Amino acid sequence: MRAWNWKSALHSGLYRAIPFFAAVRASGGSGAGEGAAVQFVLFAVLAGFTGALVQRLRHFRPGWAALAILLAVWPLCVHAAEWWLHEALAPGMRRAGIFVSWGQSALSMATQWALMRKGLFLTGPEARSYPEDWLALLRMAKRLLRRVPER
């Protein structure tokens, strides 16, 4: 459990539950609230391990191999478990939420990899405090916005 990344777990649980709820609700599926709660718990747990994997592979060479693992192999395993769990609990009722979750995973994995390569949201000996991570992210965003040409 030493490698578990609690920062990734917290982020993922929080930002997955709301869109899942909205997608299930909008599609007319039932159990949107229960599905969102399952999604929060499932991805809080899984994302802790995912964050640890991303942290471990952030400087892996060749980079394409790390991305293949992070953007294909690991999500396939995670979303197979997600599909199975939701289908077992509410067959066919939460599929819209699951499809939204797949899109979130692609964006999340690429973002985590990029941020962790910059030293943000790490845990363990290399980590900053959680507030320091957020301040560093804000500084990074500010620098990025300065580069955008005005029109």
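The values are calculated or read from the model by the stated rules, or taken from the named source; none is laboratory data. A quick note: this is a predicted structure, and the numbers were derived from the prediction, not measured. Don't worry about glycine lacking a Cβ; one is built from the backbone with ideal geometry, like all the others, and counts go over all protein chains shown.
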**Prompt:** Going by the conditions given, is Gly51 assigned to a helix (DSSP H, G or I), under 13 Å from Ser108 (Cβ atoms), under 19 Å from the mean Cα position of the chain (by Cα) and touching a residue at least 12 places away in the same chain (Cβ under 8 Å)?
**Reply:** yes
Of those in the range 129-151 that are of a type in the set (D, E, K, R) and at pLDDT 85 or above, the residue nearest to Ala114 (Cα to Cα) is Asp133
Log entry, pairs with first residue in the range 18-36 being more than 18 Å from Gln104 (Cα to Cα), second being surrounded by fewer than 18 Cβ atoms within 10 Å (Cβ to Cβ) and of a type outside the set (D, E, K, R), beta carbons closer than 9 Å, six or more apart or on different chains, reads Gly29/Gly92; Gly31/Leu89; Glu34/Leu89
Scanning the range 113-151 for residues that are farther than 18 Å from Ala47 by Cβ and of a type in the set (A, V, I, L, M, F, W, C), the one surrounded by the most Cβ atoms within 10 Å (Cβ to Cβ) turns out to be Ala136
Among residues of the range 57-109 being touching a residue at least 12 places away in the same chain (Cβ under 8 Å) and farther than 30 Å from Gly31 by Cβ, the residue surrounded by the fewest Cβ atoms within 10 Å (Cβ to Cβ) is His59
Filtering the range 1-27 for residues that are under 10 Å from Phe40 (Cβ atoms) and either touching a strand residue (DSSP E or B) at 6+ places or on another chain (Cβ under 9 Å) or small (Gly, Ala, Ser) (or both) leaves a count of 3
Counting only residues that are assigned to a loop (DSSP other than H, G, I, E, B) and within 22 Å of the chain's Cα centre (by Cα), the range 126-149 contains a total of 4
Flagged in the range 1-48 as buried (at least 21 other Cβ atoms within 10 Å of the Cβ), polar (S, T, N, Q) and in a helix (DSSP H, G or I), in numbering order, are Ser8, Ser12, Gln39
